[in-house]
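Engineer: Can you keep this structure in mind? I'll have questions shortly.
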Amino acid sequence: MLNEEPVKESTWEELNRNLVKDIFPISCEAHGNHVSGKDNQFGRWGISNKTATETKKAIKISSYRLTTVCDPSNPGKVEDIQNEIKKRDQSYDYYSLLGRIEDKKGQKITYKWYMIPKSCKAVDPCSTEWTPKVGQRGKKQGCQVGWQSSNMEISFAMSSQLWLTFPIDQISRYCVCETTIDKSQTPKITYAEMMAKLQTLKI
């Protein structure tokens, strides 16, 4: 009703808190500061909030920048990089992932909320074998430009950002709920109009 843009990043962090606030005590709110690891604390569980576009087969999410342990001048060692990932992962227990599927016209959006334990192999970058990622063209042809496995990729050219890609069927059991929004059928209200309406209420 308020926003044309789909729910992303810090907006999801806040919406997620609203969804669970009557069930769990909430603490350690990140407020979109994008520090590695935990974004919220729901009860005794640390939560890493993620949003991503979902296809029929897979979903891809971004994770840490790992320039402290690998970069173009120093590709690093698999063991050292994985230990750094595991150290950062200690701050949270679950991914609270909001996947979205948008139609070509951008009018209908299906949101799916997943609560995925970080121990799930699909989202564990250390669960499969790593191999060097080698450049295929230009000046980097034949040189190591990152790391890759069946479910993860690190690209030195992108500040050694860690990306996870996993099949939908490997996380479907963790889907809490889903809903489809048709923006063409949804009533619209501006923030100013909402404020005006609230001011007329007797509280």
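Engineer: Does segment 135-164 hold any residues that are of a type in the set (S, T, N, Q) and within 27 Å of the chain's Cα centre (by Cα), and which are they? Full working, then the answer.
Structural biologist: Within segment 135-164, the first condition is being of a type in the set (S, T, N, Q), and the residues that meet it are 136, 141, 144, 148-151, 155, 159-161.
Passing the criteria: Gln144, Gln148, Ser149, Ser150, Asn151, Ser155, Ser159, Ser160, Gln161.
Engineer: Suppose we keep only residues that are part of a loop (DSSP other than H, G, I, E, B), acidic (Asp, Glu) and closer than 24 Å to Glu54 by Cα within segment 1-33. Which one would you say is modelled with the lowest pLDDT?
Structural biologist: If we filter segment 1-33 for residues that are part of a loop (DSSP other than H, G, I, E, B), which is where we start, we get 1-8, 21-25, 28-33.
Okay, now just the ones that are also acidic (Asp, Glu), so 4-5, 22, 29.
Filter once more, so that each one left must be closer than 24 Å to Glu54 by Cα: 4-5.
Numbers: Glu4: 84, Glu5: 87.
So the residue we want is Glu4.
Engineer: Related question: Name the single residue that is nearest to the chain's Cα centre (by Cα) among those in segment 99-122 being farther than 22 Å from Met152 by Cβ and hydroxyl-bearing (Ser, Thr, Tyr). Working first, answer last.
Structural biologist: In the first step, residues of segment 99-122 are kept if they are farther than 22 Å from Met152 by Cβ; the result is 101-111, 113.
Subset that is hydroxyl-bearing (Ser, Thr, Tyr): 110-111.
Working: Thr110: 16, Tyr111: 13 Å.
Among those that are farther than 22 Å from Met152 by Cβ and hydroxyl-bearing (Ser, Thr, Tyr), it is Tyr111.
Engineer: Residues in segment 32-82 that are in contact with a helix residue (DSSP H, G or I) (Cβ under 9 Å, 6 or more places away or on another chain), more than 18 Å from Lys133 (Cα to Cα) and β-branched (Val, Ile, Thr): how many?
Structural biologist: Adding up the residues that qualify gives 6.
Engineer: Continuing with the same structure: From the list Ser172, Ser155, Ser149, pick out the single residue that is in contact (Cβ under 8 Å) with a residue 24 or more places away in the chain and either hydroxyl-bearing (Ser, Thr, Tyr) or over 17 Å from Lys50 (Cα atoms) (or both).
Structural biologist: Working: Ser172 fails: in contact (Cβ under 8 Å) with a residue 24 or more places away in the chain; Ser155 fails: in contact (Cβ under 8 Å) with a residue 24 or more places away in the chain.
Residue meeting the stated conditions: Ser149.
Engineer: Polar (S, T, N, Q), assigned to a strand (DSSP E or B) and either under 16 Å from Trp163 (Cα atoms) or modelled with pLDDT of 95 or more (or both), is that true of Thr51? Working first, answer last.
Structural biologist: Numbers: polar (S, T, N, Q): yes; assigned to a strand (DSSP E or B): yes; either under 16 Å from Trp163 (Cα atoms) or modelled with pLDDT of 95 or more (or both): yes.
In short, yes.
Engineer: For segment 73-83, check the following and say yes or no: at least one residue is surrounded by 18 or more Cβ atoms within 10 Å (Cβ to Cβ), in contact with a Leu (Cβ under 7 Å, 6 or more places away or on another chain), among the aliphatic types (A, V, I, L, M) and assigned to a strand (DSSP E or B).
Structural biologist: Within segment 73-83, not a single residue is surrounded by 18 or more Cβ atoms within 10 Å (Cβ to Cβ), in contact with a Leu (Cβ under 7 Å, 6 or more places away or on another chain), among the aliphatic types (A, V, I, L, M) and assigned to a strand (DSSP E or B).
The values are calculated or read from the model by the stated rules, or taken from the named source; none is laboratory data. Just so it is clear, the structure is predicted and the values come from calculations on it, not from any experiment. In this analysis, Cβ positions are derived from the backbone assuming ideal geometry, glycine residues included, and neighbour counts consider all displayed protein chains.
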